[in-house]
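Each remark here refers to the structure printed beneath this line.
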Amino acid sequence: MADSSSNQNRSGKGWFDDKRNVKKIITTLVIICLVLFVSDAFYQKHPYFTVESVFGFYAIYGFVMCVALVLVAKWIRKFVIRVEDYYEKEHEND
């Protein structure tokens, strides 16, 4: 009476290991983003700043800020990176 999901867990493969499932998730997210982007044209805006009235402003702003966040994080990584065995060196002195 075991279902297929419990069999997958015992074999070591998860739901995300199947490329078809990952493709379904990505496709669903792209469709949701496109629907939300297009829906921007169908409601009345009450912008505080003039630039907020541009079609798709929040989608474009969010995408640009997400990319900027990744690039800044890659830049900051150069300053905070540690060697691979950083924590193991402390235990060697004991």
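The values are calculated or read from the model by the stated rules, or taken from the named source; none is laboratory data. No experiment lies behind these values; they were computed from the predicted model shown. Note: ideal-geometry Cβ built from the backbone for every residue, glycine included; neighbour counts use all protein chains shown.
Report the residue count in the stretch 43-54 for those that are surrounded by 10 or more Cβ atoms within 10 Å (Cβ to Cβ) and part of a helix (DSSP H, G or I). It would help to see each step written out before you state the result.
Residues of the stretch 43-54 that are surrounded by 10 or more Cβ atoms within 10 Å (Cβ to Cβ), as a first pass: 45, 47, 52-54.
Subset that is part of a helix (DSSP H, G or I): 52-53.
Residues that pass the stated criteria total 2.
Among the residues making up the stretch 55-91, those that are within 25 Å of the chain's Cα centre (by Cα) and not in a helix (DSSP H, G or I) are PHE55, GLY56, ILE81, ARG82.
Scanning the stretch 8-35 for residues that are modelled with pLDDT of 90 or more and either touching an Asp or Glu at 6+ places or on another chain (Cβ under 9 Å) or among the aliphatic types (A, V, I, L, M) (or both) yields VAL22, ILE25, ILE26, LEU29, VAL30, ILE31, ILE32, LEU34, VAL35.
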